[in-house]
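Engineer: First the structure, then my questions, so here it is.
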Amino acid sequence: MGCDRNCGLIAGAVIGAVLAVFGGILMPVGDMLIEKTIKKEVVLEEGTIAFKNWVKTGTTVYRQFWIFDVQNPDEVAANSSKIKVKQRGPYTYRVRYLAKENITQDPVDHTVSFVQPNGAIFEPSLSVGTENDTFTVLNLAVAAAPHIYTNSFVQSVLNSLIKKSKSTMFQTRTLKELLWGYKDPFLSLVPYPISTTVGVFYPYNNTVDGVYKVFNGKDNISNVAIIDTYKGKKNLSYWPSYCDMINGTDAASFPPFVEKSRILRFFSSDICRSIYAVFGSDVDLKGIPVYRFVLPAKAFASPLQNPDNHCFCTEKIISNNCTSYGVLDIGKCKEGKPVYISLPHFLHASPDISEPIEGLNPNEEEHRTYLDVEPITGFTLQFAKRLQVNILVKPARKIEALKHLKRNYIVPILWLNETGTIGDEKAEMFRNQVTGKIKLLGLVEMVLLGLGVVMFVAFMISYCACRSKNAK
């Protein structure tokens, strides 16, 4: 009887030990299986989950616009007063709904090349008005003229054309005209061949972005989705030194197994440069744990605050000898036009930038850019890219519409919020295929390990107690 009891207790302890060992072994083995599966499915080749979602995003992407309507145009033009603006929006378009085209795999260097077609469909139900709503905004052609043509004689000629076309410093345009293009009356009078259509995003519809060539991750998963070349070049030819390098992905995905300490680098053709995001917080997105990476203030900081930005400062006057911050001059990639990019409402910009403008209310929560990245796969499941388009206008003695200005203005035209969130159906599929299986495996591991340890300890204590009792 005593032997049977002792044998039973020993057997129970052995079973507990086996379960605990099995649970312990399952941890690294399970992790290896997960890693192997993830590495297979994030490769950008036909048949993988990543490729299917990469070719055509399963997320509905919207681009919302807020227009800065100028309230005192005559006062500014006559007296160089502060510009009073009133934000109007959102006006919403659906974008990125077209699949990538000309997809070509290169098995030699393990890359895939493509172009991304551009298109925008107005969404009235998500907008405060129609595409025919009108706004008072800076005259884009008049503002750019003295910046592009610095010769006094040429400016005098342009001035006569500006007056003949009855153009002024400010103009009234519909939303559709401002965004996608209009025939400018001043430029239409220029006697030599130039483009006479002007628009903040002209041309956009029926154009393509690229050619991009990115690594497919077939030979090295750490390189998956990282851009090798853009339009056939590894450098942009816009900036000096390392600032000119194309560095990172297109932000739709990143190499898998993302750690919070990682800096996520991505290239944006909208701002003609590579930029980066740092970990901000943990977020639960429809039951999926994601890491929120945010664009830090130092990304647009002056060289004094962030020495790494020294090569983004390409002139000394507007930047106050490279001490101003929060705006980026992208004129070199906009055919010399005086275009400056910032965060909305000049968030994180130096006071001298926003001082001549009234009506701005920068807000970190509403105006920051962020990416919600699922850390195991590296997929971006939610994002908000927020940027503001500004135009530099300077005093010009030879151009009557600008001759009364006494200072430089970086005038906000509009800001945009391009955003996308994984849909409910896609989120459920992701939970079932990825996070759900990982959680289940982790639960099984912990149950086996915990149950095994408890059984082993309980049976061994009982066995020792039984032996002690028999000895007495």
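Engineer: Inside the stretch 361-388, can you point out the residues that are buried (at least 21 other Cβ atoms within 10 Å of the Cβ) and over 30 Å from residue 222 (Cα atoms)?
Structural biologist: 367, 388, listed by residue number.
Engineer: Which one of the conditions (1) under 28 Å from the mean Cα position of the chain (by Cα); (2) open to solvent by 20 Å² or more (accessible area, probe 1.4 Å); (3) among the small types (Gly, Ala, Ser) does residue 199 fail to meet, given that it meets all the rest?
Structural biologist: Failed condition: (2).
Engineer: Also: If you go through the stretch 147-179, how many residues are in a helix (DSSP H, G or I), open to solvent by less than 70 Å² (accessible area, probe 1.4 Å) and closer than 22 Å to residue 75 by Cβ?
Structural biologist: Adding up the residues that qualify gives 3.
Engineer: I need a count of the residues in the stretch 110-146 that are within 26 Å of residue 230 (Cβ to Cβ) and of a type in the set (Ser, Thr, Tyr).
Structural biologist: Going through the stretch 110-146 one residue at a time, the tally reaches 2.
Engineer: Turning to a different aspect of this structure: Between 113, 152, which is at pLDDT below 95 and of a type in the set (Ser, Thr, Tyr)?
Structural biologist: 152
Engineer: A follow-up question, please. Specify the residue that is nearest to residue 244 (Cα to Cα); the eligible residues are those in the stretch 214-234 that are among the aliphatic types (A, V, I, L, M) and within 20 Å of the chain's Cα centre (by Cα).
Structural biologist: Filtering first and then ranking leaves 227.
Engineer: Name every residue in the stretch 299-346 that is within 26 Å of residue 149 (Cβ to Cβ) and of a type in the set (D, E, K, R), in order of residue number.
Structural biologist: Within the stretch 299-346, 315, 316, 329, 332, 334, 335, 337 meet the criteria.
Engineer: Return yes when residue 200 is of a type in the set (A, V, I, L, M), touching a residue at least 24 places away in the same chain (Cβ under 8 Å) and over 17 Å from residue 113 (Cα atoms) and no when it is not.
Structural biologist: yes
Engineer: Quick check on residue 345: is it in contact with a Pro (Cβ under 6 Å, 6 or more places away or on another chain) and open to solvent by 40 Å² or more (accessible area, probe 1.4 Å)?
Structural biologist: It is false that residue 345 is in contact with a Pro (Cβ under 6 Å, 6 or more places away or on another chain) and open to solvent by 40 Å² or more (accessible area, probe 1.4 Å).
Engineer: Oh, and also: Out of all the residues in the stretch 80-93, is one or more of a type outside the set (Ser, Thr, Tyr) and part of a helix (DSSP H, G or I)?
Structural biologist: Checked against the condition, which is being of a type outside the set (Ser, Thr, Tyr) and part of a helix (DSSP H, G or I), the stretch 80-93 yields no hits at all.
Engineer: Return a yes/no flag: does the stretch 105-114 have any residue that is part of a loop (DSSP other than H, G, I, E, B), of a type outside the set (Val, Ile, Thr) and out of contact with any helix residue (DSSP H, G or I) (no Cβ under 9 Å at 6 or more places or on another chain).
Structural biologist: Looking for residues that are part of a loop (DSSP other than H, G, I, E, B), of a type outside the set (Val, Ile, Thr) and out of contact with any helix residue (DSSP H, G or I) (no Cβ under 9 Å at 6 or more places or on another chain), one finds at least one in the stretch 105-114, hence yes.
Engineer: Give the residues of the stretch 91-113 that are surrounded by 17 or more Cβ atoms within 10 Å (Cβ to Cβ) and more than 19 Å from the chain's Cα centre (by Cα), sorted by residue number.
Structural biologist: Matches in the stretch 91-113: 91, 110, 111, 112, 113.
Every residue, every condition in (1) at pLDDT 95 or above; (2) open to solvent by 60 Å² or more (accessible area, probe 1.4 Å), yes or no:
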{"site": "181", "(1), (2)": "yes, no"}
{"site": "184", "(1), (2)": "yes, no"}
{"site": "205", "(1), (2)": "no, yes"}
{"site": "215", "(1), (2)": "yes, no"}
{"site": "221", "(1), (2)": "no, no"}
{"site": "236", "(1), (2)": "no, no"}
{"site": "240", "(1), (2)": "no, yes"}
{"site": "244", "(1), (2)": "no, no"}
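Engineer: Ok, one more. What number of residues in the stretch 274-283 are open to solvent by 50 Å² or more (accessible area, probe 1.4 Å) and at pLDDT below 95?
Structural biologist: Summing the residues that are open to solvent by 50 Å² or more (accessible area, probe 1.4 Å) and at pLDDT below 95 in the stretch 274-283 gives 0.
Engineer: Among the listed residues 277, 297, identify the single one that is over 30 Å from residue 75 (Cβ atoms), in contact with a His (Cβ under 6 Å, 6 or more places away or on another chain) and touching a residue at least 12 places away in the same chain (Cβ under 8 Å).
Structural biologist: The conditions single out 297.
Engineer: Looking at residue 408, is it surrounded by fewer than 17 Cβ atoms within 10 Å (Cβ to Cβ), modelled with pLDDT of 70 or more and in contact with a Lys or Arg (Cβ under 6 Å, 6 or more places away or on another chain)?
Structural biologist: Taking the combined requirement at face value, the residue satisfies it.
Engineer: Of everything in the stretch 24-61, what is modelled with pLDDT of 80 or more, open to solvent by less than 70 Å² (accessible area, probe 1.4 Å) and assigned to a helix (DSSP H, G or I)? Give them in sequence order.
Structural biologist: Answer for the stretch 24-61, where residues must be modelled with pLDDT of 80 or more, open to solvent by less than 70 Å² (accessible area, probe 1.4 Å) and assigned to a helix (DSSP H, G or I): 41, 49, 50, 51, 53, 54, 55.
Engineer: A further question on this structure: When the residues of the stretch 75-90 are filtered to those that are of a type in the set (D, E, K, R) and touching a residue at least 40 places away in the same chain (Cβ under 8 Å), which remaining residue is most open to solvent (accessible area, probe 1.4 Å)?
Structural biologist: The qualifying residue most open to solvent (accessible area, probe 1.4 Å) is 86.
The values are calculated or read from the model by the stated rules, or taken from the named source; none is laboratory data. Keep in mind the model is a prediction, meaning the values are calculated, not measured. In this analysis, Cβ positions are derived from the backbone assuming ideal geometry, glycine residues included, and neighbour counts consider all displayed protein chains. SASA here: full protein model, heavy atoms, side chains in, ligands and nucleic acids out. Shrake-Rupley method; radii C 1.70, N 1.55, O 1.52, S 1.80 Å.
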